1. Search the structure for amide H atoms under 5 Å from the amide H of ALA495, placed 1.01 Å from N in the peptide plane, and list their residues when 5 or more places away or on another chain.
2. What aspartates and glutamates sit close enough to LYS85 to cross-link, taking a C-alpha to C-alpha distance under 16 Å and skipping anything fewer than 8 places away on the same chain?
3. Given a Förster radius of 41 Å and the C-beta distance between ASP304 and ARG66 as r, what FRET efficiency does 1/(1 + (r/R0)^6) yield to the nearest 0.05?
4. What accessible area per residue comes out for the chain, rounded to a whole number of Å², with a 1.4 Å probe?
5. List every residue whose amide H lies under 5 Å from the amide H of GLY44, counting only residues 5 or more places away in sequence or on a different chain, with H placed 1.01 Å from N in the peptide plane.
6. Once both labels are modelled 7 Å past Cα along the beta-carbon direction, what's the LEU592-THR759 spacing in nm?
7. Residues in region 70-100 near a label at TRP175, defined as backbone nitrogen under 15 Å from the 7 Å Cα→Cβ point?
8. Name the shape class, rounded, prolate or oblate, that the alpha-carbon gyration tensor gives for region 229-303, where a ≥ b ≥ c are the square roots of its eigenvalues, rounded holds for a/c under 1.5, and otherwise prolate holds if a/b is larger than b/c and oblate otherwise.
Amino acid sequence: MPARVDSPLVARFPGAEGMTIVEVGGKADSLIRMINAGLPVPSGAVLTVRFFAPWLEAVRQSRAWRELVEADPAQFVPHCDAVKKSALSYPMTAQQKRALAALHQALVVPGGAERFAVRSSSPDEDLASASFAGGYETVLGVHADEFETALRRCFASLFDPRVLSYKKALGVDLWSPRIAVVIQQQLASTVAGVAFSLNPVTNDYDEAVITANWGLGTSVVDGATSPDHFVVDKVAGRLVEETPGDKQVSYWLDPDSGVIERTGHRCAERSLSDAQLREVTDLVCRVEDLYGLPIDIEWAYTADGLHVLQARPITRYVPLTAEMMTAPGERRRLYADAALSKGMTTNTPISPLGLDNLEHLFSMMIENWLGPLEQNVAPRDSVFFFAGGRMYVNYSSILWLASADTIAGSAAPTDVLMARILRSVDSRRYRARQRPAWISVRLLWRIPRALWRARRFFGNLLRAVLAPERAYRVYRQQVDAFETELKGQIDSELALDEFRSRYATRMAHEMFDVLMPALLVGMVSADRLVRRRNGASRALAARIKTGTPGNIVVEMGIALHRLAKQLEHEDFSDLEQLAERIGHGNMPAEFLGEWKAFHARFGWRGPLEMDLASARYADDPRLMLRQMSFMAVDDPEFDPDSAHQHRAAERDAAYQALMARFGPIRRRLLRRIYRLNELFTGTRDLPKHLLVLYSYGVRKRALAAGRRLVKQGKLDAADDVFSLAFEHLRDDEPGRRADLRAISEQRTRFQKKLNRLVTSFPLVIDSRGRIPRPSASEATPGVLTGMAVSPGVVSGPVKVLNTPHEKAVEKGDVIVAYTTDPGWTPLFVNAAAIVLEVGGMLQHGALVAREYGKPCVVGIDRLLEQLQDGQHVEVDGDTGIVRLLESA
């Protein structure tokens, strides 16, 4: 077929190089790109977006369309059906008829018995950001006389409720629909299926996954049967996993009747030979190389050989930066995401400037202990590194010093799932082949210096154990003085570099010498005293760590709830207006007094607060008001302040009960442990509290620099400063020549990719993208097993949340989330229970759940894949069991 564009309404391929994705849609653009690159794509043609413009205009003028636009999304289905019905009936214009006649003449052989595949090709689908797989219509086995009917069905699918729901979820404009339609000769395939250029289950870049069945690939794509499943090592070219499918149903092309169904055809036979597996793997790798990103294809074998029918980018996988990756076939490195498991608990990409800030702070803390560090150490040789919008631990280096079991034991208090994963990995596979450069004789020379630098740390630790009351008074004086100093400087004109130089060093000293000893002493537990005792004694020992005073996050939740109780329900109907009333002082004096007191103490906190780019309560009062609006303030059965006091009373009662059970020696030990817990357990969140306060000071100064750069015409908005590095802000006078817009675009490119592709960052990932999972345990249908971290048994409807401001939590909901940080605390007020994929006994969500008396279970692998909104579950915080119930 000649390579040319026939008209603005029709484009044939091979050829059609002049057409854009806006004109021909994602599917056609992909086919044109592949066939012009020499890949085995069946030739065909596309009716362009212009072809359907008259029908789209008729839709926009219809009453059904207007009613759909005005409808609530929950009522889309009947309105979509009405639009689709009218879309099937519009007459063809003279120009459309000529274009379709020309297409018919070009594709159809006179007297031939060909059948055709007619597929939608919207400019919104088959993109790196959106696949729309299964949303738009595909019609197979179409006779030439049925072209018009088939393309009408494709056009009408533009208004399918599945398409609108997917667009809404992606933030795509719902009310500017566009579509083109691809027509190709239907291949009479003998075996067909789908292939992925990475393993979508494990995220492994070096594995291709192939599914196959006899006949047409429709049975595989539509899920009509269980196909054969193959996993192929792309590097070694070998089959690593094979799962035969039942293949009971298959579809075949019949020249007379179109597509027919067969049952039981060769279902016991393997659908692909080893040679064919290699050929399909090679094909999907060629397509991946063409696109330069992971891809999935639909392929088919005919008597003429292998063909590719469709290709689309994989829209859900976890990418890595080049510096984190090893070459295919090289020994892999193993990374743990410290931004999830080491107290930060943030599940979103961190901005470039935010990452720069954390790296600087972390380096200062390490240097405070070990002395100057080597600069610009590559991830390969590091222990900790910052890349790809995250903070990582390089376990391949650490495995030279400790076993995976030892590392898992240290991880368990904050993240039980991390511990399970580490215990299941093959240490020999991941330990660095060569000893890291930092493990050398020079490390021994650092030990005396480290011990000397740690003298205040050990001194404070010893004083806290021997004289806890006196140590606590000194501790509070030091912490309060540092907080006051940071607050006193926070709105001054101190230059950004001077602020960082002065307070990052101070922050490092305070964190290591003052805060860490208190944190460690507060973790002392009575568990060992009751290890060999009955369950009742162990339960009592667990209670003496709850209800402790001084926990900053619990106090923040109580203060928010107290503020929310002073407002009426109607106040929250318009948060913009409410914020204006508060800003103008048009509120009761008591409320304004508590509002100002809250901001003085917690104003620098907020959702996603570990990132400099995240707004805080003081920046945007709507953040705080939205969280307050989620709280059930009229519930006589629950008040966070009363709940905390109740936990304190239970703590004291548990202590008295244990004292009565123990002899003299154990009573003496328990008395000391109880006092340490009472004084220091509540300090758990103070390090983060001060760290966020320091970072807020940096944020304020960075925004000031951003505003200057906007005035100088170097940035478009002050917030763009968070896409830069601190080195770009040191010299912002008018004469500077650096193109900050280009730097900003380059530094945010990978972050935007993460925002588009990643919903949950994995706890552990290797340098070829593989996400290790914990060893499988025996599964029971309808039962999820994790770790119990807060006691109690309740049931309620599931509310799945990816962010703390995604949706309201109604009274009695069971919060299901990947992880939580202090910005989630207000949501716990309404919740009946909390279930988390990431967490441990010391994680934020567990701590707040215990203080509020809410059952909490953590450490359930693939939690968000197994539960969805509206399902009813029973959460057993005593055993760590979550049971799926019949809907109430």
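1. Distant-sequence amide H within range of ALA495: zero hits.
2. Within the straight-line cut-off, LYS85 pairs with GLU57, GLU67, GLU137, GLU148, ASP160.
3. 0.25
4. Counting only protein heavy atoms, the per-residue value for the chain is 43 Å².
5. Counting only residues 5 or more places away or on other chains, the set is PHE13.
6. Placing both labels 7 Å beyond Cα along the Cβ direction yields 4.6 nm.
7. Within reach of a label on TRP175, which here means backbone N under 15 Å from a point 7 Å along Cα→Cβ, region 70-100 contributes 70-73.
8. oblate
The values are calculated or read from the model by the stated rules, or taken from the named source; none is laboratory data. In this text the structure is predicted, and so the values were computed from the model without any measurement. Counting neighbours? That spans all protein chains shown, and the Cβs are built from the backbone with ideal geometry, glycine included. The area values use the complete protein model at the heavy-atom level, side chains included, leaving out ligands, DNA and RNA. Shrake-Rupley method; radii C 1.70, N 1.55, O 1.52, S 1.80 Å.
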